[in-house]
Amino acid sequence: MTEAQGIALALILTGANRDDVTQLLPLVGAILPILRKRGRPLSKPVVVQADRGYDHEKYRKPLHAAGIATQIALRGEPHGSGLGKTRWVVERTFAWLHNFRRLRIRFERLATIHEAFMKIAACVTYWRHLQKSFC
């Protein structure tokens, strides 16, 4: 899960045979409070955007109950929902993480080691983003 600039907010490693949609609610729950210049830290996202694979009421209802708006493309509708204008940020984040060879080609047998490398890569990409924005 990323924020609007492409910075990873939460990462979960699962097996390749698991559906991505099963990890939507755990990802939202894994987001740590986000500090702001003023006011209380944000503890939940304002909007969750997703592709057609997440279009089901059993995923929308818990998000709406938590006060999180959803922008999820509808199944069966023609392409052009407009989410591509902002959803590309997530794909760019995947590309940033795949710039690290150890993530692109998995050499580790233990999932915990691979997850650690994934989180280190997310920290490095965040550090690079901070360097660009403040220099």
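Read-outs throughout are calculated quantities, based only on the coordinates presented, and are distinct from any laboratory measurement. Nothing here was measured: the structure is a model prediction, and the numbers come from that model. Cβ atoms come from the backbone with ideal geometry, glycine included; neighbour counts cover every protein chain shown.
Structure above, values below:
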{"read-out": "Calculated [θ] (222 nm, deg cm²/dmol) that DSSP helices of n ≥ 4 give over the chain, each run adding -39,500 (n - 2.57)", "value": "-13000 deg cm²/dmol"}
{"read-out": "HN-Hα J in Hz across segment 72-79 - Karplus 6.51, -1.76, 1.60, θ = phi - 60°, x for Gly and Pro", "value": "10, 4, 8, 6, x, 8, x, 5"}
{"read-out": "Phi to ³J(HN,Hα) by Karplus 6.51 cos²θ - 1.76 cosθ + 1.60 over segment 5-20, Hz, x for Gly, Pro", "value": "8, x, 7, 5, 8, 8, 10, 9, 9, 10, x, 5, 8, 8, 6, 5"}
{"read-out": "Pairs beyond 32 Å (Cα-Cα), from 44/132; 37/58; 37/85", "value": "37/58"}
{"read-out": "Ratio Rg/Rh, restricted to segment 1-52 and using Cα atoms, in which Rh is the Kirkwood radius", "value": "1.01"}
{"read-out": "Near-label residues of segment 32-49 by backbone N, under 11 Å of a point 7 Å along Cα→Cβ of residue 119", "value": "none"}
